[in-house]
1. Could you give the length gained on full extension between S212 and R139, defined as 0.36 nm per residue of separation minus the Cα-Cα distance, in nm?
2. Could you order D117, D177 by accessible surface area, starting with the largest, using a probe radius of 1.4 Å?
3. Tell me, what is the FRET efficiency for R132 and Q166 to the nearest 0.05, using R0 = 30 angstrom and their Cβ-Cβ distance as r?
4. Mean Kyte-Doolittle of at least -1.0 and a Cα length of 15 Å or more along the axis: which whole DSSP H helices of the chain meet both?
5. Is the stretch 1-130 best put as rounded, prolate or oblate by its Cα gyration tensor, with a ≥ b ≥ c the root eigenvalues, rounded for a/c under 1.5, and otherwise prolate when a/b is larger than b/c, oblate when not?
6. Give me the percent of Cα-Cα pairs in the chain that sit more than 22 Å apart, rounded to a whole number.
7. Starting from the Cα gyration tensor of the stretch 24-91, take the square roots of the eigenvalues, sort them a ≥ b ≥ c, and report rounded, prolate or oblate (rounded when a/c is under 1.5, otherwise prolate if a/b is larger than b/c, else oblate).
8. When the helices in the chain are scored as -39500 (n - 2.57) per DSSP H run of 4 or longer and the sum is shared across all residues, what 222 nm value do you end up with, to the nearest 500 deg cm²/dmol?
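The values are calculated or read from the model by the stated rules, or taken from the named source; none is laboratory data. As the structure is a computational prediction, the values presented were derived from the model and not from experiment. Ideal geometry is used to build each Cβ from the backbone, glycine not excepted, and the neighbour counts take in all protein chains shown. Surface accessibility is based on the protein's heavy atoms, side chains included, excluding ligands, DNA and RNA. Shrake-Rupley method; radii C 1.70, N 1.55, O 1.52, S 1.80 Å.
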Amino acid sequence: MTAAEATAPSARTATGLLISDVDSTFLTQEVIELVAEHAGVRDQVEEITTAAMRGELDFAQSLRARVALLEGLDEAVLGEVRAVLVPTPGALELVRRAKSAGWVTALVSGGFHEVIDELASEIGIDHVRANRFEIAGGRFTGRVSGPIIDGPAKRRALEEFAAQHQVPTARIIAMGDGANDREMLIAAGTGIAFRAKPALREIADVEIDGESLLDAWPHLESAAGASTDR
């Protein structure tokens, strides 16, 4: 359980559930690529990331391959990466409006708790589900610690949070950009593809190609009036 989850209401009935991917959706960057830059392997990691987000590679295998390239890196770089995170335009305002309207907010990520938890806590995100780096002796081992948050894991997180807060499917909005967000968007009442890869656009209910995540707000307002599952 993350710090965000530890402070979240345990059984609050919510207006709705807003759940978002992180890398290239809630953030403008890919977290693992920022870390990889410190290891001098960003180009290699970017190539694997791009193929995975197009759906050309199994996500879990691609993540293990990328993390393996970070073996030996000093964990101190995580603080440097946290300092340069850039939320997507409109992302923080969308969260503010959603919370004011009684929505539960969640981030589910193929990225890493060690980087995104601090930002999530600062802006009041209720739940965070992400991967963890394995670190020993202050250095990256090149392995992931614990279960990998892939497409099915993102869908399961959505279902878990919705059940916890008694939110019907019609009032769940999921946002993402890559192939590993497909199951999450399909499970939501409204699936929003944000500046997305073709693999996600083909199943999304809504496509947003502008620069701002605040373009999703009208869909939250619409979903707030829904009371039954689709």
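1. 22.6 nm
2. Numbers: D117 40, D177 0 Å².
Ranking D117, D177 by accessible area, largest first, yields D117, D177.
3. Values: r = 29 Å, r/R0 = 0.97.
With a Förster radius of 30 Å, E is 0.55.
4. Values: long enough: 42-53 (16 Å, -0.47); 113-123 (16 Å, 0.07); 151-164 (20 Å, -0.83).
Within the chain the helices that satisfy the rule are 42-53, 113-123, 151-164.
5. Values: a/c = 2.11, a/b = 1.82, b/c = 1.16.
Prolate shape, in that a/c is at least 1.5 and a/b is the bigger ratio.
6. Working: 12560 of 26335 pairs.
Value for the chain (Cα pairs over 22 Å): 48 percent.
7. Details: a/c = 2.30, a/b = 1.07, b/c = 2.16.
Oblate, since a/c reaches 1.5 and b/c is not below a/b.
8. Working: 11 runs with 96 residues, N = 230.
Rounded to the nearest 500, it is -11500 deg cm²/dmol.
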